[in-house]
1. Kindly provide the set of residues from the range 147-186 that are within 15 Å of R130 (Cβ to Cβ) and among the charged types (D, E, K, R), ordered by number.
2. All but one of (1) of a type outside the set (D, E, K, R); (2) surrounded by fewer than 23 Cβ atoms within 10 Å (Cβ to Cβ); (3) in a strand (DSSP E or B) hold for V78; state the number of the condition that does not hold.
3. Is it true that R87 is more than 18 Å from F189 (Cβ to Cβ), in contact (Cβ under 8 Å) with a residue 40 or more places away in the chain, within 19 Å of the chain's Cα centre (by Cα) and surrounded by fewer than 14 Cβ atoms within 10 Å (Cβ to Cβ)?
4. Yes or no: the range 160-178 includes at least one residue that is hydroxyl-bearing (S, T, Y), part of a strand (DSSP E or B) and on the phi < 0 side of the Ramachandran plot.
5. Can you say whether L62 is open to solvent by less than 20 Å² (accessible area, probe 1.4 Å) and in contact with a Gly (Cβ under 7 Å, 6 or more places away or on another chain), as far as the supplied structure shows?
6. Output yes when any residue across the range 136-157 is surrounded by 14 or more Cβ atoms within 10 Å (Cβ to Cβ), out of contact with any strand residue (DSSP E or B) (no Cβ under 6 Å at 6 or more places or on another chain) and closer than 23 Å to L31 by Cα, and no when none is.
7. Restricting to the range 81-105, name every residue that is part of a strand (DSSP E or B) and at pLDDT below 95.
8. Being within 22 Å of K26 (Cβ to Cβ), more than 19 Å from the chain's Cα centre (by Cα), modelled with pLDDT of 95 or more and surrounded by fewer than 21 Cβ atoms within 10 Å (Cβ to Cβ), is that true of even one residue in the range 194-204?
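The values are calculated or read from the model by the stated rules, or taken from the named source; none is laboratory data. Note that the structure is a prediction, hence the values are computed from the model and not measured. Heads up, the Cβs are rebuilt from the backbone with ideal geometry, glycines too, and the neighbour counts pull from every protein chain shown. Areas reflect the complete protein model, heavy atoms only, side chains present, ligands, DNA and RNA absent. Shrake-Rupley method; radii C 1.70, N 1.55, O 1.52, S 1.80 Å.
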Amino acid sequence: MSLATAETSRAVTILYRDESLVAVSKPSGLLVHRTELDRERDVALQRVRDALGQRVYPVHRLDRATSGVLVFALTPAVAGCLAASFRGRDVAKDYLAVVRGWAPETGEVDRPVPREKGGEKRPALTRFRRLATVELPIPVDRYPAARYSLVRVVPLTGRRHQIRRHMERVNHPLVGDTTYGHGPHNRLFRDHLDSHRLLLHAWRIAFPHPVDGTPCQITASPPADFADVCAALGWPLSGLLADTGPVGGGAQADSRGNAARG
């Protein structure tokens, strides 16, 4: 399916739209929809409704702090079809993340993740590939320099905080993660790079179109608050993201999975 050129409205950046669905680029710091704990009106769902002048239906989620591609259905029937694709692992999603340390060239984390704190654990699988590294001559903790990696992450299951939990588990927590991350490194990025966000971006999503099954692939370029950090670290994103092959071993189908809520 041919995807439309991104258009920017006053309220939201629209990446793709047809008669069945719309995909937008969600900024970091914006909730997908209102919750019982936070009833604010300025959420992605409302912004998209205002931009289109019609009801829309969320089919997956991104954490408030995560930026990137967010898909909404335009009818309840399409929402049901897309939700089934997510449940059936017919959706492939790629994330970009800045993590502490020099991550291995490729890696896989196969570890259950709880539904909620103290809740039942469910199987979860994440693969990642290192795209770039850097060493900064800035002391942090007991080390005279600080090392970081840019990684491409593919969650093969869709568990809450899966990427953040799994990368912390292999000692490469995400920079800017105030829940699973490391405070001294978060402060380094705030003080030296003026970065005040979780450095996790939902870069690309691919799925069969809910009407005719035609392959759809939608990409959200990293926003300025992510791209500027990468530029400051000497990571040319245009070149690093040119390789769009699967992460880890096996066929392309192996990278299909539910969109994790980053």
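1. The answer is R147, R152.
2. V78 satisfies all of (1) of a type outside the set (D, E, K, R); (2) surrounded by fewer than 23 Cβ atoms within 10 Å (Cβ to Cβ); (3) in a strand (DSSP E or B) except (3).
3. Criteria met by R87.
4. Scanning the range 160-178 turns up no residue that is hydroxyl-bearing (S, T, Y), part of a strand (DSSP E or B) and on the phi < 0 side of the Ramachandran plot.
5. Criteria met by L62.
6. no
7. Correct list: A92, K93.
8. Checked the range 194-204: at least one residue is within 22 Å of K26 (Cβ to Cβ), more than 19 Å from the chain's Cα centre (by Cα), modelled with pLDDT of 95 or more and surrounded by fewer than 21 Cβ atoms within 10 Å (Cβ to Cβ).
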